[in-house]
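Report on the following structure.
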Amino acid sequence: MDWQIIGVRRKKRAAKKAGNLADFMDAEAEIKRLKKLYAAANDYEREFRDIKAQAHAWHEKASGTRTALRDALEKHVSAIMDEPDFTMEGIIIKAQALAEWDRVGTRWGDRLAIGREWHSQLAASILRYAKGGAA
């Protein structure tokens, strides 16, 4: 916006040199209008920065809580998946735990914990049970 004011000031100086009062007054009014717009834009940008900072602070606070809860759920699901399944009920409990873990997942696809093969563990348990008993 500064470049616009600079351009109008040049026109104002040129009008003053030429003795053109109408162009001089128009340039002066335009400078006043641009300064008012510039001040409004600065106020808007300052308020935007403040709101953005508040939003980032809230997100950081909420993100830490969400991450802690997701980590706790991951440990709980991991403990369930590491237990031996001797019955079909055990397999169902594991399937329910995996369903809850999948429901909590995020848009970035971090539903599967690094190094975890929970879905393949469940599939292996089901196949083992189908072949004659889980153990």
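The values are calculated or read from the model by the stated rules, or taken from the named source; none is laboratory data. Everything numeric here is computed off the predicted structure, so don't read it as measured data. In this analysis, Cβ positions are derived from the backbone assuming ideal geometry, glycine residues included, and neighbour counts consider all displayed protein chains. Just the protein is used for accessible areas: all its heavy atoms, side chains included, with ligands, DNA and RNA removed. Shrake-Rupley method; radii C 1.70, N 1.55, O 1.52, S 1.80 Å.
What number of residues in region 35-54 are more than 23 Å from the chain's Cα centre (by Cα) and hydrophobic (A, V, I, L, M, F, W, C)?
4
Pairs needed: first member in region 47-71, touching a residue at least 12 places away in the same chain (Cβ under 8 Å); second member anywhere, surrounded by 10 or more Cβ atoms within 10 Å (Cβ to Cβ) and assigned to a helix (DSSP H, G or I); C-beta distance under 7 Å; at least 6 residues apart or different chains.
So the pair list comes out as R70/V104.
Among the residues of region 105-124, write down those that are more than 13 Å from H76 (Cα to Cα) and either of a type in the set (A, V, I, L, M, F, W, C) or at pLDDT 85 or above (or both).
If the condition is that a residue be more than 13 Å from H76 (Cα to Cα) and either of a type in the set (A, V, I, L, M, F, W, C) or at pLDDT 85 or above (or both), then W108, L112, I114, L122, A123, A124 are the ones that fit.
Taking region 44-93 as the search range and keeping residues that are among the aromatic types (F, W, Y) and in a helix (DSSP H, G or I), which one is least open to solvent (accessible area, probe 1.4 Å)?
Restricting to residues being among the aromatic types (F, W, Y) and in a helix (DSSP H, G or I), the top hit is F48.
Looking at (1) open to solvent by less than 100 Å² (accessible area, probe 1.4 Å); (2) at pLDDT 85 or above, can you tell me which one D2 breaks?
With (1) open to solvent by less than 100 Å² (accessible area, probe 1.4 Å); (2) at pLDDT 85 or above applied to D2, the lone miss is (2).
Could you check region 7-24 and list, in sequence order, the residues that are open to solvent by less than 100 Å² (accessible area, probe 1.4 Å) and either part of a loop (DSSP other than H, G, I, E, B) or free of Cβ contacts under 8 Å to residues at least 12 places away in the same chain (or both)?
G7, A14, A18, G19, N20, A22, listed by residue number.
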